[in-house]
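In what follows, a structure is listed as structure tokens, so that the remarks can point back to it.
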Amino acid sequence: MSKTRQRNKVSLRFISLSRFTLGLFTKKETKLKLWGKRFFLVSDEPDPALDPYELANPLSITTCLPPDFYSHLSSSKWKDRKELALEPLLSLLSQSIKYDPSSNYTELVSALAGRMGDANVLCVVLAANALEKLARGLRGGFAGYKGMSTKELLGRTKEKKQNVLDALGNALDAVYLSVSITLSLSCLGSLGSS
């Protein structure tokens with residue numbers, strides 16, 4: 001190897017910051033730029049952003065629910081379902097973005113999925129929003145509850161009101177993001193057989 005090539009390789013390791021200006025790049029390759037007589041490397045990858053989910057403390061939703069939550073959720077009065085069960089649940093879910101994956105959410109998810117057949121569309125929207133927050137807060141931990149929620153959410157998509165469809169779509173998106181492709185295909189297979 002000639003001395004000129006050795007010098008060029010050595011000079012590639014040093015960055016001249018006095019003549020260097022930062023720019024935004026979209027490619028994920030390392031570029032070699034020439035400025036005057038010096039070579040320097042510019043990395044196109046941005047610094048990895050911190051995920052707030054990883055930094056959040058998990059909140060155990062099932063222990064924070066009021067003792068009469070399920071009786072209010074199954075009440076015959078829509079105001080009780082809305083004001084005494086679903087709205088407090090949404091405010092509780094808004095306290096954290098990460099929920100304790102070791103807790104058992106079977107009863108909560110099945111009760112919320114049961115509200116998809118509610119005659120009052122406000123209760124349907126609030127229940128779908130709660131399922132969405134729960135799926136986003138549990139991420140992969142929600143995969144075990146996908147079967148009991150997806151069928152009910154898809155069953156209500158015949159609704160004509162746009163706000164209900166938006167809430168259902170957001171909940172279905174959150175459920176889809178919490179499971180892998182193979183689990184999603186098995187869920188769709190079970191829907192077709194019923």
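The values are calculated or read from the model by the stated rules, or taken from the named source; none is laboratory data. Keep in mind that what you see is a predicted model, and the values were worked out from it rather than measured. Neighbour counts run over all protein chains shown; Cβ positions are idealised from the backbone, glycine included.
Restricting the first residue to region 156-169 and requiring it to be buried (at least 16 other Cβ atoms within 10 Å of the Cβ), which pairs with a second residue that is among the acidic types (Asp, Glu) and modelled with pLDDT of 95 or more meet a Cβ separation below 9 Å and a spacing of at least six or different chains?
Pairs that qualify, where the first residue is buried (at least 16 other Cβ atoms within 10 Å of the Cβ) and the partner is among the acidic types (Asp, Glu) and modelled with pLDDT of 95 or more, are Ala167/Glu132.
Restricting to region 132-143, give me the number of residues that are surrounded by fewer than 20 Cβ atoms within 10 Å (Cβ to Cβ) and in contact with a helix residue (DSSP H, G or I) (Cβ under 8 Å, 6 or more places away or on another chain).
Residues meeting the conditions: 2.
Can we say Asp173 is acidic (Asp, Glu), in the same structural domain as Ser74 (by TED's automatic domain parsing), surrounded by fewer than 22 Cβ atoms within 10 Å (Cβ to Cβ) and modelled with pLDDT of 95 or more?
Judged against the criteria, Asp173 is not a match.
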